[in-house]
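Before any comments, here is the structure.
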Amino acid sequence: MDHQFEWSHRRLDAWKIAMDLAVKVSEELRKFPPYELYGLCAQLRDASVSVPTNIAEGAARPSKREYYRFLGISRASLSEMDTELELAKRLGYISTDSEVFPLLTRASYLLDGLMKHVKSKIEHPRAGKR
C-alpha cells in the first residue's frame, strides 16, 4: 500500500502479525456453520479486528500511558480470541493444525514485548536519552 508518509504503527511487528492474524481468522470463519454467523463468528471477527486496531490507535496517542492502555485492550482481545478459538476447535469448526494458532501465540509474544517496552518508557522516561 502506497502512503504519503509511514504511520508509526506500520513498523511494529506486533501490528503486522496482528493484521496477519485478523486475516487468517477471517479466512477460517468462512468454514464455520451458518448458524454461528451472529454468534461465535461475530465475536471472533470483532476480537481479531480489535487487536491491530487498538495497537494502531494507541501508537497515535500523545502519551505513553494512553498507548499502554490501548495495548492492554489489544491484550484483552487476544485473550478473548484464545478462548473463542479454543471453543471453535472443541466444537470441530477449526482444525488443531490451523495457522491461526501459531499466529495467535506470536501476536501474544510480540504484544507482551511491546507492552513491556512502553511500560519501561512510562516508568523511566529519561532512560536511554542523552
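Annotations
- For the range 40-53, a tally of residues being polar (S, T, N, Q), under 24 Å from R10 (Cβ atoms) and open to solvent by 20 Å² or more (accessible area, probe 1.4 Å) returns 2.
- Checking each residue in the range 7-41 for being among the hydrophobic types (A, V, I, L, M, F, W, C) and in contact (Cβ under 8 Å) with a residue 60 or more places away in the chain picks out L12, A14, I17, A18, L21, V25, F32.
- Filter pass, P62 being under 18 Å from S8 (Cα atoms) and free of Cβ contacts under 8 Å to residues at least 12 places away in the same chain: yes
Let's see how each residue does on (1) over 21 Å from V23 (Cα atoms); (2) in contact with a Ser or Thr (Cβ under 9 Å, 6 or more places away or on another chain); (3) in contact (Cβ under 8 Å) with a residue 24 or more places away in the chain:
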| residue | (1), (2), (3) |
| --- | --- |
| Q43 | no, no, yes |
| S50 | no, yes, yes |
| I55 | no, yes, yes |
| E66 | yes, no, no |
| L71 | no, no, yes |
| S108 | no, yes, yes |
| K119 | yes, no, yes |
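- The listed residue being among the aliphatic types (A, V, I, L, M) and not in a helix (DSSP H, G or I), out of I94, I17: I94
- The set of residues from the range 90-127 being surrounded by fewer than 17 Cβ atoms within 10 Å (Cβ to Cβ) and of a type in the set (S, T, N, Q) comprises S95, T96, T105, S120.
- Members of the range 9-39 found to be open to solvent by less than 30 Å² (accessible area, probe 1.4 Å) and either among the small types (G, A, S) or touching an Asp or Glu at 6+ places or on another chain (Cβ under 6 Å) (or both), listed by number: A14, A18, A22, G39
- Test: residue in the range 59-67 that is touching a His at 6+ places or on another chain (Cβ under 8 Å), at pLDDT below 95 and buried (at least 16 other Cβ atoms within 10 Å of the Cβ): yes
- So K121, is it more than 20 Å from the chain's Cα centre (by Cα) and under 22 Å from R11 (Cα atoms): yes
- Annotation note: of A76, A56, the sole residue that is open to solvent by less than 40 Å² (accessible area, probe 1.4 Å), at pLDDT 95 or above and assigned to a helix (DSSP H, G or I) is A56.
The values are calculated or read from the model by the stated rules, or taken from the named source; none is laboratory data. Given the structure is predicted, the values throughout are model-derived calculations rather than measurements. All Cβ positions, glycine included, derive from the backbone under ideal geometry; neighbour counts span all protein chains shown. Surface areas here come from the heavy atoms of the whole protein model, side chains and all, with no ligands, DNA or RNA. Shrake-Rupley method; radii C 1.70, N 1.55, O 1.52, S 1.80 Å.
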